[in-house]
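Only one structure is covered here, and it is reproduced in the block below.
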Ligand code: XMP
């Protein structure tokens, strides 16, 4: 890759990834690396002349508690450096200033006064005070603060409780802010980061997904050569985009394996086949394993046990298919690569975990360890991309918008949306009820935002409750099953609010489900937030 780049050193803040996303949104390529890389590593990284600037992230720790410092080389390369929160404090400490703990922790919204006309903040303003000061609305989260500037620095911003909330050494182009420009609560945060990477660092804004296709295709061709690749297609966004990209690069050398466990959404299996085998003309092996899965799940009610059974069988079925392909392949040689839809957040998380910097919680893995078990090399063409970029790439590759912008769907599928024992009869009812809910969410447009309720929610689905309730239909009494509708809004899936769907929409969905899905006579709406509830019911 021949992109100019920004290096983000991660000191372990929960929001470091957001810095990278904001930089990428400015169409500038950047990478996140743990802060404990060595000075030699940094010099090496900069050796090709493409490194245009460095950003030091925040941390969940205090400069007193930990001895994490930026490698000295960062300040010797001659490129601009931006310190954020802890990044500011370590910059101050390392360059001869002073940081002190504070009794009052500043957390949340703050108004910061910009001083003078620093290269970073000049012209970036949210409002003026009656005295004519330039003010910024920002988000703060810190206990310690810089109390003495390092030589060469001037105050760039302040608040009453934090007199040095920003500092700048214009000559060396070192800037630092105590607040977090990467979070959306800092109103002009995006502008500030763009100012840094585009104007101060002078980085070329050449990171565009449309153009990235060519680059990615060339890279895949070079890596794979004449060999063959197997990819596990799940219908999810990442594996779909990976498949489309690899297919664009090597066509017939790719074989996709699509394991249908019988717990997918209504018609999903056919849609995946139609898209990949049909429209893209890719080689897809559809393994209909629903009998196997449903058979093994019979009588099992414990959610974790169900997850284990589904995950285990999935790996077994996929391995068996992959082994066949490895032996025979399309051509004479057999497959040698396993492709996975790993994306950049996974890469950063495992990198961070190794250096114990990021305190991240990752509970769901797909097919970890498979390449080693199968003796296959790994192909991960999306490992540099964030989810938003994967989606953009998918659209640029010609995948339908609806497929690329769909809600996440758990690996165990409807297996964790049928409470207790999974029965084929339940799965059929649930598929139909869920399809109605999703259809109505897609077709109901919120007049204020102009967006569909599907796009306004982060995840929405129907849950099957294996209890019967009494109802009346026509002249007769019914005694049928109950479903719950679940719709949540969230940005990180760690916390979530239940979505305030319009009553008219809920009314239409419930009316349709009860009338169209014989066997369900009651629909409820789940009004629990996470925490303490989880998004899925199991
Ligand atoms: P919870 O229910 O933990 O869900 O609030 C958070 C997100 O994770 C998804 N999820 C799963 N994804 N395998 C997966 O691949 C699983 O076993 C699983 N359980 C939950 C859930 O759909 C939501 O997006």
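Just so it is clear, none of the values below were taken in a lab; they were calculated from the coordinates. As the structure is a computational prediction, the values presented were derived from the model and not from experiment. Ideal geometry is used to build each Cβ from the backbone, glycine not excepted, and the neighbour counts take in all protein chains shown.
Alpha carbon centre of region 133-183 versus region 381-437: separation in Å?
Answer, in whole Å: 44.
So how far apart, in nm, are the two label points at residue 472 and residue 515 if each is 7 Å from Cα heading toward Cβ?
So the two model labels end up 1.9 nm from each other.
Taking only C-alpha pairs under 8 Å that are 6+ residues apart, what is the relative contact order of region 35-116 in percent?
31 percent.
Which peptide among 151-157, 239-245 comes first, and what is the full order, when sorted by highest mean count of other Cβ atoms within 10 Å?
Listed from highest to lowest mean packing, they are 239-245, 151-157.
So how much slack lies between residue 147 and residue 129, counting 0.36 nm per residue of separation and subtracting their Cα-Cα distance, in nm?
Additional length available on full extension: 4.0 nm.
Taking the DSSP beta bridges in the chain as the whole, what percent of them are antiparallel, to the nearest 5?
About 50 percent, rounded to the nearest 5.
Take residue 451 and residue 117, extend 7 Å from each Cα along the Cα→Cβ direction, and tell me the distance between the two endpoints in nm.
With each label point 7 Å from Cα toward Cβ, the separation is 3.9 nm.
Using 1/(1 + (r/R0)^6) with R0 = 56 angstrom and r between the beta carbons of residue 507 and residue 373, what's the FRET efficiency to the nearest 0.05?
Efficiency for this residue pair is about 0.65.
Mind giving me the nanometre distance, one decimal, between the label points for residue 439 and residue 190, set 7 Å out from Cα along Cα→Cβ?
A separation of 3.6 nm, rounded to one decimal place.
List the relative contact order of the chain as a percent without decimals, with contacts defined as Cα pairs under 8 Å and 6+ residues apart.
After rounding, I find 11 percent.
Run through all the Cα pairs of region 119-218 and give the fraction in each 5 Å bin from 0, expressed as whole percent.
Result, from short to long distances: 2, 11, 19, 20, 18, 11, 6, 5, 4, 2, 1, 0 percent.
Can you pull the semi-axes for region 459-528, root of five times each eigenvalue of the Cα gyration tensor, sorted largest first, whole Å?
Gyration-tensor ellipsoid for region 459-528: 27, 13, 8 Å.
On C-alpha positions alone, give me the angle between the axis of helix 209-224 and the longest principal axis of the chain, in degrees, nearest 10.
That helix lies at roughly 70 degrees to the long axis.
So if R0 is 56 Å, what FRET efficiency would residue 221 and residue 107 give, r being the distance between their Cβ atoms, rounded to the nearest 0.05?
The formula returns an efficiency of 0.65 here.
Checking the a/c ratio against 1.5 first, then a/b against b/c, what shape does the Cα gyration tensor give for region 172-229?
Cα axes put region 172-229 in the prolate bin.
Determine by what factor the alpha-carbon radius of gyration of region 52-208 differs from 2.2 N^0.38 Å, reporting the quotient.
Working it through for region 52-208, the quotient is 0.97.
With each run of n ≥ 4 DSSP H residues scored as -39500 (n - 2.57), what mean residue ellipticity at 222 nm is computed for the chain after dividing by its residue count and rounding to the nearest 500 deg cm²/dmol?
-9500 deg cm²/dmol
At 10 °C and a viscosity of 1.306 mPa s, what translational diffusion coefficient does Stokes-Einstein give for the chain, taking Rh as the Kirkwood radius over Cα pairs? Give it in µm²/s as a whole number.
Estimated diffusion coefficient is 61 µm²/s.
Given the C-alpha centroids of region 475-538 and region 293-313, what is the distance between them in whole angstrom?
First find each Cα centre; the distance between them is then 24 Å.
So what's region 174-316 giving for Cα Rg divided by 2.2 N^0.38 Å, two decimals?
1.52
For region 1-109, what is Rg from Cα atoms divided by 2.2 N^0.38 Å, rounded to two decimals?
Relative to the 2.2 N^0.38 Å estimate, region 1-109 comes out at 1.08.
Can you give me the relative contact order of region 399-538 as a percent, contacts being Cα pairs under 8 Å and 6 or more apart?
Reported relative contact order: 24 percent.
Give the calculated FRET efficiency between residue 279 and residue 479 to the nearest 0.05, with a Förster radius of 35 Å applied to their Cβ-Cβ distance.
It comes out at approximately 0.20.
Starting from 0 in steps of 10 Å, tell me what percent of the Cα-Cα pairs of region 403-506 lands in each bin.
13, 40, 33, 12, 1
Run the paramagnetic zone check for residue 204: 7 angstrom along Cα to Cβ, then residues of region 55-90 with backbone nitrogen under 13 Å.
Those under the cut-off are none; the list is empty.
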